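No value in this document is a laboratory result; all are computed from the given coordinates. This is a predicted model, so every value here is computed, not measured. Here the Cβ positions follow ideal geometry from the backbone for every residue, glycine too, while neighbour counts run over all protein chains shown.
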Amino acid sequence: MRILLIEDDHQLGKAIYQGLKQVYATDWFRSAEEGEDALALSAYDAIVLDITLPQMSGLEWLDLLRQRGVAIPVLLLTALDTTQERITGLDTGADDYLTKPFDFDELMARLRAIMRRRETYRPEMVTHAGLCLDTRNKTATYQGVALSLSQKEFEILRLLVEQPGSCVSKQMIENNLYGWDNPVGSNTIEVHISALRRKLGKRHIRTVRNQGYVLELSV
């Protein structure tokens with residue numbers, strides 16, 4: 001899971017970021033414009049969005065996202081606890097909201113809730129040529145045999161199976177598994193791919209030199 005945090009208050013943003021990254025790959029930016037750039041490069045499972053931002057407000061950006069059909073769940077953070085503020089946020093397309101100050105455990109609970117609701121609209125089972133991924137329970141089988149996968153191995157395999165026969169770049173894998181400011185070892189992805197090959201079969205994941213990896217399973 002990958003979270004995009006947009007909060008311009010340094011002290012609050014740092015506290016939220018430090019907490020989130022203990023559980024999720026998290027990227028923290030301080031403006032809607034930076035958030036827009038981040039969305040162009042990475043896939044996110046949820047956005048934690050402050051309403052009061054420099055230049056473009058959180059509500060203005062959220063409105064633009066929903067107009068473009070971006071359906072990523074959004075948890076709004078607001079300093080104004082008024083009925084109209086909540087109505088405006090929800091009508092603009094927010095999935096939930098929190099009023100500052102708030103308890104971090106409540107933020108996490110609300111975040112889990114909006115992501116669970118999103119998962120109900122996604123296919124729980126992804127299958128391809130004998131490979132079956134259970135996206136809710138994070139389990140996988142190949143030709144009826146259970147695969148013992150780490151969380152990151154499962155996410156890489158999901159990226160590959162969602163684009164069978166197509167090259168998935170190393171950069172795309174890194175962007176989906178790690179936060180931008182989390183250092184990734186030069187061979188980290190290769191280590192995960194090597195582990196997947198041992199479990200799935202070496203010939204089923206092909207390396208395309210200087211490009212990425214291709215999942216090749218025969219039907």
Hits among lysines - C-alpha to C-alpha of Lys100 under 24 Å, sequence gap 8 or more where chains match: Lys14, Lys21
Relative contact order %, region 61-178, counting alpha carbon pairs below 8 Å whose residues are six or more apart: 15
Rounded tilt (10° steps) of 151-161 against the dominant C-alpha axis of the chain: 70
Cα-based Kirkwood hydrodynamic radius, the chain, one decimal, Å: 18.8
Trypsin sites (Lys or Arg not before Pro) restricted to DSSP loop in region 1-100 with at most 12 other C-beta within 10 Å: Arg68
Length released on extending from Asp37 to Ala71, taking residue separation times 0.36 nm less the Cα-Cα span: 10.6 nm
Principal-axis tilt of helix 10-20 within the chain, Cα atoms, nearest 10 degrees: 40
Taking Ser166, Ser57, Ser186 and counting other C-beta atoms within 10 Å, the order from fewest to most: Ser186, Ser166, Ser57
Residue-averaged 222 nm ellipticity for the chain, from DSSP H runs of 4+ at -39500 (n - 2.57), nearest 500: -12500 deg cm²/dmol
Neighbour cut-off at most 12 other Cβ (10 Å), DSSP loop, GluC sites (Glu not before Pro), region 48-129: Glu124
Dipole magnitude (debye, nearest 20) for region 125-215, charges at Cβ of Lys, Arg, Asp, Glu: 380
Estimated translational D of region 44-98 in µm²/s (Stokes, Kirkwood radius over Cα pairs; 10 °C; 1.306 mPa s): 143
Surrounding net charge for Thr78, when Lys and Arg each add one and Asp and Glu each subtract one, Cβ distance under 12 Å: -3
Nearest 10 degrees, 0 to 90: helix 188-200 Cα axis against the chain principal axis: 50
